[in-house]
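Comments concern the structure below.
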Amino acid sequence: MFNLLYVVLIFFFCYFWTAITFNPKEMSDNLRDSGTFIPGYRPGKRTTDYLEKVMVRITYVGAAFLSIVAIVPTIVYGSLGVPYSIAGFYGGTGLLIAVSVAFDLVQKIDSHLVMRNYRGLLEGAGGGVSPVV
């Protein structure tokens, strides 16, 4: 019952936060004013409807991912009998934070390599880092 309520609250707050921070009408107007458009959709109401539909889908997938990440420690604790302190450390938000820190570290290393005229870590799979000539 706790996990179900937890998932429902995560979905609610994801949609609530998206509704507060993203205004598809304003985004549509900004696109029209700058002279750009989304291919296949006319500027105005159709663009607004399309942006809203896309944000609902993206929010749904994001909320589902966050729900899975949030309830992993509870599932591991209940099904495998691992102490909750250990399950909570290796799952849930701890895992999310560790992955985001790792991505940030790789991005910073890559930007420093590019700044010093080396090929970045993420460019090509040629193995090794060699200076760009």
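The values are calculated or read from the model by the stated rules, or taken from the named source; none is laboratory data. All values reported here derive from a predicted model rather than from experimental measurement. FYI the Cβ positions are ideal-geometry reconstructions off the backbone, even for glycines, and counts take in every protein chain you see.
Brief remarks on what is shown
One line per residue, one yes/no per condition, for (1) among the β-branched types (Val, Ile, Thr); (2) within 29 Å of Val8 (Cβ to Cβ); (3) in the same structural domain as Val8 (by TED's automatic domain parsing):
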| site | (1), (2), (3) |
| --- | --- |
| Pro39 | no, no, yes |
| Val54 | yes, yes, yes |
| Ala98 | no, yes, no |
| Ile109 | yes, no, no |
| Tyr118 | no, no, no |
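- Scope the stretch 1-15; condition modelled with pLDDT of 90 or more and surrounded by 11 or more Cβ atoms within 10 Å (Cβ to Cβ); matching residues: Tyr6, Val7, Val8, Leu9, Ile10, Phe11, Phe12, Phe13, Cys14, Tyr15
Residue by residue, here is whether (1) on the phi < 0 side of the Ramachandran plot; (2) not hydrophobic (A, V, I, L, M, F, W, C) holds:
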| position | (1), (2) |
| --- | --- |
| Phe22 | yes, no |
| Pro43 | yes, yes |
| Thr48 | yes, yes |
| Val54 | yes, no |
| Arg57 | yes, yes |
| Ile68 | yes, no |
| Gly81 | no, yes |
| Gln107 | yes, yes |
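- Matching residues, the stretch 9-38, being within 17 Å of the chain's Cα centre (by Cα) and not in a helix (DSSP H, G or I): Phe22
- Subset of the stretch 25-38 (residues that are of a type in the set (D, E, K, R), without any contact (Cβ under 8 Å) to a residue 12 or more places away in the chain and surrounded by 11 or more Cβ atoms within 10 Å (Cβ to Cβ)): Glu26, Asp29
- Of all residue pairs spaced 6 or more apart or on separate chains, those with beta-carbon atoms under 6 Å, a first member in the stretch 1-24 that is in the same structural domain as Val56 (by TED's automatic domain parsing) and farther than 17 Å from Pro73 by Cβ and a second member that is surrounded by 12 or more Cβ atoms within 10 Å (Cβ to Cβ) and among the hydroxyl-bearing types (Ser, Thr, Tyr) are Cys14/Thr59; Tyr15/Thr59; Thr18/Thr59; Pro24/Thr48.
- Selection count where residues are assigned to a loop (DSSP other than H, G, I, E, B), of a type outside the set (Val, Ile, Thr), surrounded by fewer than 17 Cβ atoms within 10 Å (Cβ to Cβ) and out of contact with any Lys or Arg (no Cβ under 9 Å at 6 or more places or on another chain), scope the stretch 44-97: 2
- Evaluation of Tyr41 against the conditions (1) in a helix (DSSP H, G or I); (2) in contact with a helix residue (DSSP H, G or I) (Cβ under 9 Å, 6 or more places away or on another chain); (3) free of Cβ contacts under 8 Å to residues at least 24 places away in the same chain shows that the sole unmet condition is (1).
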